[in-house]
Amino acid sequence: MKKTIDNAQACANFLQRIGIILGKTQTRNETGASIMGELSAATGASQVIIWRREPGRAGRFLPDMNLAELPKNSAIDCSGQSWFNTWEMGSIDPYQGECAQLDSVDGLNGSQHLLQPLLSPEGVLMGLLSMHKKGSWTEETTEICQSVSTVLASALLTPEHREAQETQARLARELWFERHLRIILSKLNARLDRDAILQSAVDTLGRILKVTGCLVIRTDSNSYRTSHEYIDQELSPLGLNSSTIIPPNIASLMLQRTTIINETGLRKHESPRYIEGIEALFENGIGSLAGVPIIVSGASFGALIVQSEMCRHWQAHEIQLMESTSQAISAALHNARMYEDVKEQLFNVNLLSNLTRQISTALEHMGKPKDEAPAEPAITAPIKSPLSSRELEVLRLIASGLANREIAQRLFLTESTVELHASRIRKKLKLKSRTALVKYACDNHLV
């Protein structure tokens, strides 16, 4: 406890000295030199460097200010470092330890370093603060490094640089959104089956947002059920026992409007953002989730939900991608419904066409005078024929060269029934092939 109090007091004293420096009328370089001198004295660092982020290069940093001289063209590329990946995921913890990129800069070889992202008040990564010395760092040093990061970003990085960084971050978000929305649209528009559309949507969105799970919930007799679901394979390789139970009141909200829950561990007395039933999510290991409704033809179809086992602040461009995905799902489901309607209409038209053809043929025979009867034998079966009237009808169609499918459509039978009739005909006539049936029909003037 005493050590914690001492660290807090040291940080407070340090920030007080920094405040005095910022209150003086000095040039930017003088202010930077004074602040870096205070950092060196407070932490024992032999080298303090402020690296500014190079516009157009997300992970490349160039020296902006330094306590001691650095060689020309010094630069670090930290895009592959674990601390940088951690920061991209929402954490701003400093990174300590060995770093090949920093060790490669002349003058820093063999020193232990501490890296701290410099963020603008809007949360934009503007640069880095690195401190170097022989030996390990103390907890007090880490707290001082964290406490001064925002001050350095605001005071020492130029407005032009800040504007360039903010513009770059905005363009990066727009590019991210457009690229991934294009991926989702291409996958959804390539399918006309409802289940395939929904499963493709949750799989694609879940992988893009790197979430624990992504699912679609539907209403079913005043209850809510999961109809389609994506599960992170690292957490559930087989997808067993993974369906999430969404509390009814939270599910009803997501079916009506976009609902964001950044932290499920909230309590009534802790935040006005508390939602009744949120404890059930927390107890089931869900740290945060977000949901948007799916509206098809003006009616609520369901809700698209993403969830994370960790507390996560859902970014505006991520929510925008979810809402756009919901709209794409709605359009794809509408197209799928139209496709099914067209298929059904074509089937009915085909049946009606076959029926009309048969009726027309029957009317033609009924309308002919008796003395103008065709030379061909009557349709009725010969008296001595062992075949039934239906079997004769099937035999005539076989002899006419029609396949079983065409015969089935014309007689409103199934293909298996037509094949059964053909088998019985061969057995009764003691014939072994379809060709023999055709010859028999011709010899007996059945066609």
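Read-outs throughout are calculated quantities, based only on the coordinates presented, and are distinct from any laboratory measurement. If you're wondering where the values come from, they're calculated on a predicted model, not measured in any experiment.
Values as computed for the structure displayed
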read-out	value
Shape parameters for region 389-443, alpha-carbon atoms, Rg then Dmax in Å	10.1, 28
Relative contact order computed over region 172-339 (Cα-Cα under 8 Å; 6+ residues apart), in percent	27 percent
Long-range HN-HN contacts of GLY302 with modeled amide H, under 5 Å	ILE294
Measure of compaction for region 172-339 (Cα Rg per 2.2 N^0.38 Å)	1.00
